[in-house]
1. Want the number for residue 77 to residue 132: 0.36 nm per residue separation, take away the alpha-carbon distance, what's left?
2. How do the peptides 134-144, 2-12 rank, highest first, by the average count of neighbouring beta carbon atoms within 10 Å per residue?
3. Mind checking the full-extension length gain between residue 47 and residue 150? Use 0.36 nm per residue of separation minus the Cα-Cα distance, one decimal, nm.
4. Could you put 93, 198 in order, starting from the residue whose Cβ has the fewest other Cβ atoms within 10 Å?
5. If you find the alpha carbon centre of segment 103-136 and of segment 27-65, how far apart are they in angstrom?
6. Which residues among segment 170-189 fall inside the zone where the amide N is under 19 Å from a point 7 Å beyond the Cα of residue 17, along Cα→Cβ?
7. Just to verify a number: FRET efficiency for residue 176 and residue 9, C-beta to C-beta distance, R0 = 35 Å, to 0.05?
8. Starting with the highest mean, order 120-126, 204-210, 108-114 by the number of other Cβ atoms within 10 Å, averaged over the residues of each peptide.
């Protein structure tokens, strides 16, 4: 598949959380997902342990069952929609975008659920950090690979409120495997994403001491 003509800095700075600009009507080909997964597996891992497994969901009924749980979790997290003037703020616009994705969650062409071996809550803190560090790097590599192939992703975690129920839906052995997130995946409506507005480096970077 042809890749977008993005240099490394453009790829890193324009891989956004995509919600409203997903093409819900265009399926994502299995071979393209596998290309992105191959890039994800090149990510560094703690002690070269490669503790990961990935569940990719494209079946409509399965997506619907997970989406219903996601919407329950989202409703509890988000609460009632703010007044119109609040929605005009950057945070309000993000809220409408998140609501849009929640409403159409079952229509997302594919879910990618990164998992790690073991129940992380049973591990010491340093081991938990190592496992999360490994899976997050792999997941982000997947998102970058998807962006390069004209797709958009959004890293979500709200389904984890119902992790056990999702495990039952997907046949994941809950006692042996921890789900860490759910990445939505689909082709985008246009590919002209821009870098986000961020604060000045001086506000967040400390040199040598706090």
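Bear in mind these aren't lab numbers, they're just calculated from the coordinates by the rules spelled out. Just so it is clear, the structure is predicted and the values come from calculations on it, not from any experiment. Quick reminder, even Gly has a Cβ in these numbers, built from the backbone with ideal geometry, and neighbours come from all protein chains shown.
1. Details: separation 55, 0.36 × 55 = 19.80 nm, distance 2.27 nm.
Taking 0.36 nm per residue and subtracting the Cα distance, the gain is 17.5 nm.
2. Values: 134-144: 21.0, 2-12: 11.4.
Per-residue mean Cβ counts within 10 Å order the peptides as 134-144, 2-12.
3. On the way: separation 103, 0.36 × 103 = 37.08 nm, distance 3.27 nm.
The span from residue 47 to residue 150 would gain 33.8 nm if fully extended.
4. Numbers: 93 12, 198 9.
Ordered from fewest to most neighbouring Cβ atoms within 10 Å, 93, 198 come out as 198, 93.
5. 12 Å
6. Residues passing the 19 Å test: 180-189.
7. Numbers: r = 40 Å, r/R0 = 1.14.
For residue 176 and residue 9, the calculated efficiency is 0.30.
8. Details: 120-126: 10.6, 204-210: 5.6, 108-114: 22.7.
Averaged packing, sorted descending, gives the order 108-114, 120-126, 204-210.
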